[in-house]
Number of protein chains: 2
Amino acid sequence: MRILVTNDDGIKAEGIKQLVSALKSLGEIYVIAPESEKSACGHGITVHHPIKVKKIYFSQDIEAWSVSGTPADCVKLGITTLLKVKPDIVVSGINKGPNLGTDVLYSGTVSGAIEGILHGIPAMAISLNSFSSEDFTGAKIVAQKLCQEMLNKNLAPDTLLNVNVPAISDKEIKGFKVTKLGERKYINNFEHRTDPRGNDYYWLAGQVVPPDKEDEDLDVVAISNNYVSVTPIHFDLTNYRIMKQIKEWGVEKMGI
Amino acid sequence: MRILVTNDDGIKAEGIKQLVSALKSLGEIYVIAPESEKSACGHGITVHHPIKVKKIYFSQDIEAWSVSGTPADCVKLGITTLLKVKPDIVVSGINKGPNLGTDVLYSGTVSGAIEGILHGIPAMAISLNSFSSEDFTGAKIVAQKLCQEMLNKNLAPDTLLNVNVPAISDKEIKGFKVTKLGERKYINNFEHRTDPRGNDYYWLAGQVVPPDKEDEDLDVVAISNNYVSVTPIHFDLTNYRIMKQIKEWGVEKMGI
């Protein structure tokens, strides 16, 4: 089995090292990851600059490339250009900080995995629900178990699991929940400041509003109840419900 | 009616000027757009840097801000912080170049509009199907007609229309099609080069593969048949179909 590993915290981050060590026993690992942190880059790709690619030493027996682009660039380059054989799975992470609910739209970690399914390769994105914890023990166990499960099953090539792991001891984790994406709401989104020359600037800030629905099917609720949240993700942004409504406006009968 | 206008080609691009001139008669326009080009930034937001914001002159009677971030930053800042009253609609564009099919995932133009519906405000993204044409005549007519329609209807707050306009004379445009997102496939994705110091780099290149399905419901097909393509977009990335399948694996019964 060939596993392509990427992340958005950069190739030197602790999370990707831990991910590789968790998955090593499952197959051949190829690491292609951003040379520096790319958090919140969304599904950005590099169009107007060349992408620099360096073959680097990552750890014994593992081929690795450091890339001057986003996680989506890394996976696209890997699948189409750098790897001689297509990988069987793309795994992105372990991200420091959750990727839950509507925030998934902004996530570089998840976009690396989406690039996998765009190329017909099943993928997993895995994140630890803490920006400060250095303890990846629980997340490693989860990464290994789920990746093994995915490799064992005859998966549809558009299967992407977005996995969030509570940042508690693995003994305290209650188990797995298959979830749907919830809403992530923030208050006080921006902090306004003025620089010494009188220019305005803003920092994205904001505190997460706790989920108001106690629907255990939501990722945001599952994680707050100490479950590992496993959400299947797709890339079809078509809103079929509204399609019908817009047709009923008679848009197609309007002239230009 | 208050209309928040953004784009990803930057506040000085011709497309946003043309968009504002097309929408002026419909209500009060507020322009909040990136100070420089942000194409293909996906749904990126600026987390690790401050966002500089400058009030600038755009055109008579129009308030405008230039922002050192992405289209998503612009709309988020506008709705939560800069505008005193929430806008009734967010319009993003007119983009130079199409935003069709799976490419929508990479689109800064569309992400500006998605940020609108994330905040409960209907939105439209509009793109011209050419990277070189300077003729926005057809796109202006379309922008005005559809925006007027959207303001007239009692729209669900999560209504986002992704609109692509053929780059032909407005007389030749055949009409409107309500579509779903197709696939955008490329061949020869990257060009490999070596710099004078022997370092490898890659340019994202790639030619679009013509759509193989003649399904007129697909955006990629509608536009190639000289129709304006109107695709409703949502932000729920949950793959409900696969949710059931993953549950059937017994994931929820697995221990950690």
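FYI, it's all coordinate maths here, none of it is from the lab. Quick caveat, the model's predicted, so the values are computed rather than measured. Neighbour counts run over all protein chains shown; Cβ positions are idealised from the backbone, glycine included.
Express in nm, to one decimal, how much length is gained between A:Lys244 and A:Asn152 on full extension, taking 0.36 nm for each residue of separation and deducting their alpha carbon distance. Intermediate results must be reported in sequence, preceding the final value.
Numbers: separation 92, 0.36 × 92 = 33.12 nm, distance 3.93 nm.
Computed gain between A:Lys244 and A:Asn152 is 29.2 nm.
Enumerate by residue number the trypsin sites (Lys or Arg not before Pro) in segment A:45-139 meeting two conditions: DSSP loop (anything except H, G, I, E, B), and at most 12 other Cβ atoms within 10 Å of the site's Cβ.
Of the trypsin sites (Lys or Arg not before Pro), the ones in loops of segment A:45-139 whose Cβ has at most 12 other Cβ atoms within 10 Å are A:Lys84.
Over segment A:151-256, what is the percentage of antiparallel beta bridges among all DSSP beta bridges, to the nearest 5?
75
What nm distances, shortest first, do you get from the label point of B:Lys174 to those in the other copies when the point sits 7 angstrom along Cα to Cβ?
Nearest first, the other copies' label points are 5.5 nm away.
At 1.567 mPa s and 4 °C, plugging the Kirkwood radius over alpha-carbon pairs of segment A:172-215 into Stokes-Einstein gives what diffusion coefficient in µm²/s?
The diffusion coefficient I find is 93 µm²/s.
Determine one quarter of the surface area of the Cα convex hull of segment B:79-226, which equals its mean projected area, and express it in nm² to one decimal.
With the hull built on Cα positions only, its mean projection is 11.9 nm².
Viscosity 1.567 mPa s, temperature 4 °C: what is the translational diffusion coefficient of segment A:139-256 from Stokes-Einstein with a Kirkwood Rh over Cα pairs, rounded to a whole number of µm²/s?
70
When the helices in chain A are scored as -39500 (n - 2.57) per DSSP H run of 4 or longer and the sum is shared across all residues, what 222 nm value do you end up with, to the nearest 500 deg cm²/dmol?
After summing the helix terms and dividing by residue count, I get -6500 deg cm²/dmol.
Taking Cα centroids, how far is segment A:131-207 from segment A:210-247 in Å?
Between the Cα centre of segment A:131-207 and that of segment A:210-247, the gap is 14 Å.
To confirm my reading of the symmetry, which residue of chain B has the Cβ nearest the axis that brings B onto A, and what whole-Å distance does it have?
Axis relating chain B to chain A; nearest Cβ residue and distance: B:Gly42, 2.
What percentages, rounded to whole numbers, describe P(r) for the protein assembly as shown computed over all alpha carbon pairs with 20 Å bin width beginning at zero?
So the P(r) values, bin by bin, are 24, 56, 20, 0.
Just to verify a number: FRET efficiency for B:Arg2 and A:Lys171, C-beta to C-beta distance, R0 = 41 Å, to 0.05?
Calculated transfer efficiency: 0.15.
So the label point goes 7 Å from the Cα of A:Asn226 along Cα→C-beta, right? Which residues of segment A:169-195 then have their backbone N under 11 Å from it?
Within reach of a label on A:Asn226, which here means backbone N under 11 Å from a point 7 Å along Cα→Cβ, segment A:169-195 contributes A:169-175.
At 7 angstrom along the Cα-to-beta-carbon line, where would the label on B:Lys12 sit relative to the other copies? Give the distances in nm, shortest first.
3.5
Connecting C-alpha atoms closer than 10 Å in a GNM of chain B, tell me which of B:Ala167, B:Ala156, B:Ala139 has the biggest fluctuation.
Maximum fluctuation in the GNM of chain B, among the listed residues, is at B:Ala156.
Can you give the percent of C-alpha pairs in segment B:1-101 whose distance is more than 23 Å?
Value for segment B:1-101 (Cα pairs over 23 Å): 18 percent.
Do any trypsin sites (Lys or Arg not before Pro) in segment A:157-256 lie in a DSSP loop with no more than 10 other beta carbon atoms within 10 Å, and if so, which?
On the way: sites: A:Lys171, A:Lys174, A:Lys177, A:Lys180, A:Arg184, A:Lys185, A:Arg193, A:Arg197, A:Lys213, A:Arg241, A:Lys244, A:Lys247, A:Lys253; in loops: A:Lys171, A:Lys174, A:Arg184, A:Arg197, A:Lys213.
Loop-located and lightly packed - A:Lys171, A:Arg197.
According to the Cα gyration tensor, what semi-axes, each the square root of 5 times an eigenvalue, does the equivalent ellipsoid of chain B have, listed from largest to smallest in whole Å?
29, 24, 23
Taking springs between alpha-carbon atoms closer than 10 angstrom, which of A:Val208, A:Val90, A:Val53 fluctuates most in the Gaussian network model of chain A?
Of A:Val208, A:Val90, A:Val53, the Gaussian network model singles out A:Val208 as fluctuating most.
Mind putting a number on the dipole of segment B:9-71 about its Cα centre? Charges go on the C-beta only, +1 for Lys and Arg and -1 for Asp and Glu, and I need it in Debye to the nearest 20.
140
Can you classify segment B:39-87 as rounded, prolate or oblate using the Cα gyration tensor, where a ≥ b ≥ c are the square roots of its eigenvalues, rounded means a/c under 1.5, and otherwise it's prolate if a/b beats b/c and oblate if not?
prolate
Among the lysines, select those whose C-alpha is under 27 Å from the C-alpha of B:Lys247, and discard any that sit fewer than 8 residues away in the same chain.
A:Lys24, A:Lys96, A:Lys140, A:Lys145, A:Lys153, A:Lys171, A:Lys174, A:Lys177, A:Lys180, A:Lys213
Report the charge-dipole magnitude of the protein assembly as shown in Debye, nearest 20, computed about the Cα centre from +1 at each Lys and Arg Cβ and -1 at each Asp and Glu Cβ.
120
How charged is the neighbourhood of A:Lys12? Take every other residue with its Cβ under 11 Å from the Cβ of A:Lys12, and add Lys/Arg as +1 and Asp/Glu as -1.
Summing Lys/Arg as +1 and Asp/Glu as -1 gives -3.
Most mobile of B:Ser169, B:Ser107, B:Ser36 per a Gaussian network model of chain B (Cα springs, under 10 Å)?
B:Ser169
Using the 7 Å Cα-to-Cβ label point, sort the distances from A:Leu83 to its equivalents in the other copies shortest first and give them in nm to one decimal.
Output for A:Leu83: 4.3 nm, nearest copy listed first.
Can you sort A:Ser224, B:Ser229 so the residue with the fewest Cβ neighbours within 10 Å comes first?
Fewest to most other Cβ atoms nearby, the residues stand as A:Ser224, B:Ser229.
Which value, in debye to the nearest 20, gives the size of the charge dipole of chain A about its Cα centre, when Lys and Arg are +1 and Asp and Glu are -1 at the Cβ? Don't jump to the answer; show the numbers that get you there.
Working: 28 positive and 31 negative charges, 116 e Å.
Dipole about the Cα centre, nearest 20: 560 debye.
Quick one: what do you get for segment B:58-152 if you divide its Cα Rg by 2.2 N^0.38 Å?
Dividing the Cα Rg of segment B:58-152 by 2.2 N^0.38 Å gives 1.10.
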